[in-house]
1. Between a first residue in region 1-26 that is at negative phi and a second residue that is among the hydroxyl-bearing types (Ser, Thr, Tyr) and surrounded by 11 or more Cβ atoms within 10 Å (Cβ to Cβ), which pairs have beta carbons less than 8 Å apart while being 6 or more apart in sequence or on different chains?
2. Just the residues that are in contact with a Gly (Cβ under 6 Å, 6 or more places away or on another chain) and closer than 16 Å to Ala12 by Cα, please, taken from region 33-54.
3. Select from region 7-40 the residues that are exposed (fewer than 11 other Cβ atoms within 10 Å of the Cβ) and assigned to a loop (DSSP other than H, G, I, E, B) and list them in ascending order.
4. Determine the pairs where a residue that is of a type in the set (S, T, N, Q) and outside any loop (DSSP other than H, G, I, E, B), located within region 41-66, has a partner that is surrounded by fewer than 19 Cβ atoms within 10 Å (Cβ to Cβ) and at pLDDT 95 or above with Cβ atoms under 7 Å apart, the partner being 6 or more residues away or on another chain.
5. If a residue must be over 19 Å from Ile64 (Cβ atoms) and hydrophobic (A, V, I, L, M, F, W, C), how many such residues does region 2-18 contain?
6. Suppose we keep only residues that are exposed (fewer than 14 other Cβ atoms within 10 Å of the Cβ) and not charged (D, E, K, R) within region 50-66. Which one would you say is nearest to Thr3 (Cα to Cα)?
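The values are calculated or read from the model by the stated rules, or taken from the named source; none is laboratory data. The structure displayed is predicted, hence computed values, not measured ones. All Cβ positions, even for glycine, are placed from backbone atoms using ideal geometry, and neighbour counts span all protein chains on display.
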Amino acid sequence: MPTTLSTEQARAELDRRGISIAEFCRQHELNKNLVSDLLNGRKKGRRGQAHRAAVLLGIKDGVIEE
C-alpha cells in the first residue's frame, strides 16, 4: 500500500535531496507558485496540474495520465 507524505515531509525530502522548489518545478515543468501553494496547504491538488504536482511531490496518492 503506497504511503503519502505530509507537506512537511515532502519539503524535507526536497531538502534531503538538495533540490530547491524552483529546481523541482523546472525538472517537472510545473509552476513554482502552484507547488508552493501545495506545500503551504493553500491548494489541495485535486485536478489538473495541481493533482500532477501533488502526486510528484508524494503528498497525494494518484495516477498521472499524460
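1. These pairs meet every condition: Leu14/Ser20; Ile21/Ser36.
2. Leu38, Ala54
3. Gly18, Glu29, Asn40 - these are the residues of region 7-40 that are exposed (fewer than 11 other Cβ atoms within 10 Å of the Cβ) and assigned to a loop (DSSP other than H, G, I, E, B).
4. The qualifying pairs are Gln49/Asn31.
5. Selection size over region 2-18: 1.
6. Val63
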